[in-house]
Each structure stands twice: as C-alpha cells, then as structure tokens.
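The values are calculated or read from the model by the stated rules, or taken from the named source; none is laboratory data. On a predicted model such as this, the values are computed, not experimentally measured, just so you know. Backbone-built Cβ (ideal geometry, glycine too); neighbour counts: all protein chains shown.
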Amino acid sequence: MKSILKIALTSALICLISFQSNAQASKYKCMLQMANYMGEGAYIVVSLINPKGDYEKTLYVMGDDKKWYKSLKEWNKFHTAKGDDVSAISGASVTGGDRSVTTFEIDDAKINKGYKLRFESAVEDQKYYVTDLEIPLTTAGLADKTDGKGYIRYVRLNKI
C-alpha cells in the first residue's frame, strides 16, 4: 500500500512540475503604428533574438503570402533552415499609416537575460530594414514605447 501511495504522489508531483514549466510564458499585446509611406503593404516579422544576436524563434509574421517571405532576407534564412510552419502565427501585411494589434507569447525565462525582440520589415520595390526596431527583453524595455527606423513609426507592448 505504501508503494502505491509513493507512486501516486510521485506521479502527481511530476505532473505538477511539468504543468508549471509550461505555464511560464506570458502573453503580450503588441500595438504597431506604421509610418506614413507610399507603396504596398509592409511585411513585418517579429523574432526572438538570443544574447549572441542569432534568431531563436519567430513570434509573429505580418503578411501571409509566402512568396514575399524572401524579401525579409535575414529572417528568411533562419525560417528556411528551421523549416517551421508560420501559418498559425501570421496575419495581414500593414500599409503606411495603419495600425496593427497582435498578440504573442514570450517565455518569462528570457526576460532580463540579454534577449530582444526584432521587428524586420520589407516593402515591395523599396528598402529592406533588417532591424526596423529592436526591443530589449527587459522589464523596462517591455514597458516602453519603442520608435522604429523605417516603415514602423513605433511599437508598444502590454502584458495581458
């Protein structure tokens, strides 16, 4: 009887630990305001960048026509090599002056550890911005409004 109780308690503890490890990501609402520009809709990808400066994960893609992903040159190298399907985390492209509100999850263990969010943007027949803007994954960085350098005017994140 004691061994059955030990097995049941051990199983319950393992389930509790694995549930807690899965629950350590927070959702963020991302409000992106585009700059006024003339031309087609911008394709924008939001990526998690590790402390070494390498792509680690794609969080969201604004633009769902895969034929234009190659215009996001640096991210496309990562995306093609990794071979992940981004259809579940993609939406419409964003045109000049428009706003986009999206939601994505960020692993809490990445905050204040040297990671950052990179917003990469491209517009057909116009300039490509590898780093339109970057947000340091710090408590302060996630709370601030961050200005872009290209097609993005600014981004603001809110934890939900």
Filtering the range 75-92 down to residues that are closer than 21 Å to Tyr128 by Cα, in contact (Cβ under 8 Å) with a residue 12 or more places away in the chain and either loosely packed, with under 12 Cβ neighbours inside 10 Å or not hydrophobic (A, V, I, L, M, F, W, C) (or both) yields His79, Ser90, Gly91
Tally up the residues in the range 95-124 that are over 21 Å from Glu74 (Cα atoms), crowded, with 17+ Cβ neighbours inside 10 Å and of a type in the set (D, E, K, R), please. 1
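Find the residue count for the range 115-136, including only residues that are of a type in the set (A, V, I, L, M), without any contact (Cβ under 8 Å) to a residue 60 or more places away in the chain and farther than 10 Å from Leu32 by Cβ.
The qualifying residues number 2.
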Residues that are modelled with pLDDT under 95, under 13 Å from the mean Cα position of the chain (by Cα) and farther than 16 Å from Lys27 by Cβ: find the strands (runs of 3 or more DSSP E) completely inside the range 105-160 holding 1 or more of those. none
